[in-house]
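Asks: Encoded as structure tokens, here's the structure I'll be asking about.
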Amino acid sequence: MSALAPPPLRNDPAQYDDLAAEWWRPGGAYAALRWLASARARLLPPPPHTDALLVDVACGGGLMAPHTRGYRHLGIDLSMASLQQARAHGLACVQGDATTLPLADEVADVVVAGEIFEHLSPQDLPAAVAEIVRVLRPGGLVLCDTINATWWARFTVITVGERLRGIAPKGCHDHRLFVPPQRLQEAFAHHGIPLAFQGLRFSWRDFFAFLASRSRQVRMLPTRSLAGVYQGYGRKAAM
């Protein structure tokens, strides 16, 4: 009798290399991340000037690419296999860590940090925030989304979500790393950026259609509740 395979390690970065082919596959393992990228893009303003730079921290396979017209879009990620997918969809890319971004000070007009903070240790999260602020120009905008540290988030993202193809790969998250909005707000406030928040939820009509066909794009709708996935946005003070 063959031994049972061990369960996947939670929050293991290696899975992003293993699942790199899933980034753009309709109905694939990362379908929900495409929905979140679309929701993130609703907060993205027009480029403030020609040659404006958008830095996409933990860009993965480059899911923001369809939404950044007019910006120079630079993706940064640890996973080389994911960066290959991002390059294939038009991003300029560089391998790097969110806690030590390989960029000069104050070069970015916008920094996007989508679904990364809930994968960082409590020690690395403040370091990543400090790096985002460092590379952001005065007056620049930060856009982020992450997962709240609530029982509801754990239930929907892990207990249910990791059992449904397209929501979250099994073992992708460790609920102990989920981020309360207050912690994120305090981390950015320490560097002079006040963050505002709004929650996100599925369009249930779209979601059930997706479960039926695996081909439906699901709208993520704004909500006042921050109990699950939520967005943060704020500007660095102008000089």
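Every read-out reported here was derived from the displayed coordinates using simple, explicitly stated rules and does not represent laboratory data. All values reported here derive from a predicted model rather than from experimental measurement. Positions of Cβ are generated from backbone atoms using ideal geometry, with glycine treated the same way; all protein chains shown enter the neighbour counts.
Asks: Have a look at the range 105-239 and give its Rg and Dmax from the Cα atoms, expressed in angstrom.
Replies: 15.9, 52
Asks: How would the range 36-93 be classified by its alpha-carbon gyration tensor: rounded, prolate or oblate, with rounded meaning a/c under 1.5 and the a/b versus b/c comparison settling the rest?
Replies: prolate
Asks: I need the phi-derived Karplus couplings for the range 94-110: 6.51 cos²θ - 1.76 cosθ + 1.60, θ = phi - 60°, integer Hz, Gly and Pro marked x.
Replies: Those phi angles translate into 9, 6, x, 9, 4, 8, 9, 5, x, 9, 6, 5, 6, 10, 9, 7, 9 Hz.
Asks: Tell me the Rg and the Dmax, in Å, that the Cα atoms of the range 60-119 produce.
Replies: Rg then Dmax for the range 60-119, in Å: 11.2, 30.
Asks: Where both residues lie in the chain, what percent of DSSP beta bridges are antiparallel, nearest 5?
Replies: Numbers: 16 of 35 bridges.
In the chain, approximately 45 percent of DSSP beta bridges are antiparallel ones.
Asks: Now for a different question. With springs connecting C-alpha atoms under 10 Å apart, model the chain as a Gaussian network and identify which of Leu221, Leu184, Leu141 has the largest mean-square fluctuation.
Replies: Per the Cα network of the chain with a 10 Å cutoff, Leu221 tops the list.
Asks: While we're looking at this one, here's another question. Where is the GNM fluctuation largest for the chain (alpha-carbon springs, 10 angstrom cutoff): Trp204, Trp23, Trp35?
Replies: Fluctuation is largest for Trp204.
Asks: For every helix of n ≥ 4 consecutive DSSP H residues, a contribution of -39,500 (n - 2.57) applies; sum these over the chain, divide by its total residues, and give [θ] at 222 nm rounded to the nearest 500 deg cm²/dmol.
Replies: Computed ellipticity for the chain at 222 nm equals -6500 deg cm²/dmol.
Asks: For Ala227, which sequence-distant residues (separation of 5 or more, or a different chain) have an amide H within less than 5 Å of its own amide H, given hydrogens modelled in the peptide plane?
Replies: none
Asks: Select from Pro66, Leu53, Ile76 the residue farthest towards the positive end of the dipole of the range 15-118; place +1 on Cβ of Lys and Arg, -1 on Cβ of Asp and Glu, and compute about the Cα centre.
Replies: Projecting each Cα onto the dipole axis, the largest value belongs to Pro66.
Asks: Relative to the first principal axis of the alpha-carbon coordinates of the chain, what is the inclination of helix 124-135, with its axis defined by its Cα atoms, in degrees from 0 to 90 and to the nearest 10?
Replies: Approximately 40 degrees, to the nearest 10.
Asks: Testing the spin-label approximation: label points 7 Å from Cα along Cα→Cβ at Ser225 and Asp206. State their distance in nm.
Replies: Going by the 7 Å Cα→Cβ label model, 1.8 nm.
Asks: A further question follows. Per the Cauchy relation, a quarter of the hull surface: what is the mean projected area of the convex hull of the alpha carbons in the range 131-200, in nm²?
Replies: In nm², the orientation-averaged hull projection of the range 131-200 is 5.7.
Asks: Turning to a different aspect of this structure: Hey, if you put +1 on the Cβ of every Lys and Arg and -1 on every Asp and Glu Cβ in the chain, which of Phe207, Gly192, Trp152 ends up farthest toward the positive end of that dipole?
Replies: Of the listed residues, the answer is Phe207.
Asks: In debye to the nearest 20, how big a dipole does the range 56-143 give about its Cα centre with +1 on each Lys and Arg Cβ and -1 on each Asp and Glu Cβ?
Replies: 340
Asks: Compute the acute angle (0 to 90°) between the alpha-carbon long axis of helix 204-213 and the principal axis of greatest extent of the alpha-carbon atoms of the chain; round to the nearest 10°.
Replies: For helix 204-213, the angle is close to 50 degrees.
Asks: Test of understanding: in a Gaussian network model of the chain with alpha carbons linked when under 10 Å, which of Gln85, Gln123, Gln217 would top the mean-square fluctuation ranking?
Replies: Looking only at Gln85, Gln123, Gln217, the biggest GNM fluctuation is shown by Gln123.
Asks: Let me ask something additional. In percent, how large is the relative contact order of the range 192-239, given Cα pairs closer than 8 Å and 6 or more residues apart? Before the final figure, lay out each step's value.
Replies: On the way: 72 pairs, mean separation 26.4, N = 48.
So the answer I get is 55 percent.
Asks: Over the range 1-147, calculate the relative contact order: mean separation of alpha carbon pairs under 8 Å at least 6 apart, over the residue count, as a percent.
Replies: Working: 255 pairs, mean separation 31.4, N = 147.
This gives 21 percent for the range 1-147.
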